[in-house]
Amino acid sequence: MFSNKKVYLTAPSYELGNLKDIETLDELKEDNQILETLLKFGLKKYAKSHLPPLAMAKQTAKHTLEKVSITRKEIDVLIYATSSFWDSRFYDGKEVSRLSYELGLENAYPIGVFLSECGNIHTAIRTAASLIQAGECRNILVVTTDQTQEGETRIIPPNISIASDAAASCIVSAEKGDFEIIHITQHTNAAMSELDINEKSEEYMYAVTEGIKQTLWKAMKFIEKEPRDFQQLITNNYSLLLSKTISDLGGFEFEQVYTENIARFAHALASDNLINLCDLLNNNYLNSQDLLLLLGTGSNMWGATIVSKL
């Protein structure tokens, strides 16, 4: 964040596929050892949607837009984030423009985000916040959406979660909303692109833990806060074991990590952070001035967004 102009995040919403027991996955029926490991560490269900990514994006965007007084004509930009590239329609410019048209966003310029994988939401929020701080925009709709292709594995290596189909959205705005965005940090390790997770698993996992640790501490250091200053650490929905590891790396107590959705729907890729934030908000778990740290991870990149509940 590079200016003193305040930026807000409001109306987090999401669209989740139909919930199914992980035991029903054919690939887990064939590997009982992996299934037992996932069940042992808190995984129970995953979400499978009959809707393609753009349709899920439309549903969650409608939910977000219905929650705010901002008119659709006042949305300056639509930031569309996805890692679902198995069908070009899911990220085609004309199709995303059609999404804007169907939502009534006649003035929203489309911007695509995709390189940060399961951390896409942080790139999207950072881009939106920067545009607002620069005075170029006032209201930006952020949407992230992903769906696993039929026949593609849903097991997240190295056996840490199950991929779910979902979309999530929010508005990043110059107008006061549910949360103030305090700071956004991102970190990458380009050298990890040369590491094969199967051939050099120990080296790979060491690099992952170092990346997570650096991202968390860099974010907290920038605003001169410590783990105890945060009400909640919101991560991607990996296994309880990995969630505990992440909390330890950041110096957090495990009780600070929001884990309720791990069993409920597993890992909704880049949507996890917003879904968890939305549920915390809707369930009245938060008080005014609570600080929350959202952590998103890709294969070799990480993002942390710090927000304060208003």
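The values are calculated or read from the model by the stated rules, or taken from the named source; none is laboratory data. What you see is a predicted model, and the numbers here were worked out from it, not measured in a lab. Glycine also receives a Cβ, built like all others from the backbone with ideal geometry; neighbour counts cover every protein chain displayed. For accessibility, only protein heavy atoms count, side chains too; no ligands or nucleic acids. Shrake-Rupley method; radii C 1.70, N 1.55, O 1.52, S 1.80 Å.
Roughly how many percent of the accessible protein surface of the chain is carbon and sulfur, given a 1.4 Å probe and a whole-percent answer?
On the way: 6580 of 13960 Å².
Roughly 47 percent of what the probe reaches on the chain is carbon or sulfur.
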Under a cut-off of 14 Å between alpha-carbon atoms, report the aspartates and glutamates in cross-link reach of Lys62, not counting same-chain residues fewer than 8 places apart. Glu15, Glu102
Isotropically averaged projected area of the stretch 1-146, using the convex hull of Cα atoms (one quarter of hull area), nm²: 10.5
To the nearest whole percent, what portion of all C-alpha pairs in the stretch 164-310 is separated by more than 21 angstrom? 43
Hey, how many Å between the Cα centroid of the stretch 36-66 and the Cα centroid of the stretch 202-217? 27
Would you list which aspartates and glutamates come within 12 Å of Lys44, measuring only between C-alpha atoms, while excluding same-chain residues fewer than 8 positions from it? Asp21, Glu23, Glu36, Glu260
Kirkwood Rh and Cα-based Rg: tell me the resulting Rg over Rh for the stretch 82-233, rounded to two decimals. 0.99
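For the stretch 1-149, what does the accessible surface come to per residue with a 1.4 Å probe? Please give it in Å². Numbers along the way, then the final one.
Values: 7310 Å² over 149 residues.
Value for the stretch 1-149: 49 Å² per residue.
Where the only charges are on Cβ atoms (+1 Lys, Arg; -1 Asp, Glu), what is the dipole of the stretch 41-184 about its Cα centre, to the nearest 20 debye? Don't jump to the answer; show the numbers that get you there.
On the way: 15 positive and 17 negative charges, 61 e Å.
Its charge dipole is roughly 300 debye.
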Distance between the stretch 261-279 and the stretch 182-197 - C-alpha centres, whole angstrom: 21
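Mean Kyte-Doolittle hydropathy of -0.5 or higher plus an axial Cα length of 30 Å or more: which whole DSSP H helices in the chain meet both? Can you show the working numbers first?
Details: long enough: 201-222 (31 Å, -0.41).
Membrane-span-like by this criterion, though nothing is claimed about a membrane: 201-222.
Which entries of Lys20/Lys218; Lys20/Lys176; Lys6/Lys218; Lys200/Lys225; Lys6/Lys67; Lys5/Lys58 have Cα-Cα distances beyond 28 Å here?
Values: Lys20/Lys218 38 Å; Lys20/Lys176 38 Å; Lys6/Lys218 21 Å; Lys200/Lys225 35 Å; Lys6/Lys67 21 Å; Lys5/Lys58 30 Å.
Check vs 28 Å cut-off fails for Lys20/Lys218; Lys20/Lys176; Lys200/Lys225; Lys5/Lys58.
Write down, largest first, the equivalent ellipsoid semi-axes of the chain in whole Å, where each equals the square root of 5 times an eigenvalue of the alpha-carbon gyration tensor.
Values: eigenvalues 163, 112, 64 Å².
In descending order the semi-axes read 29, 24, 18 Å.
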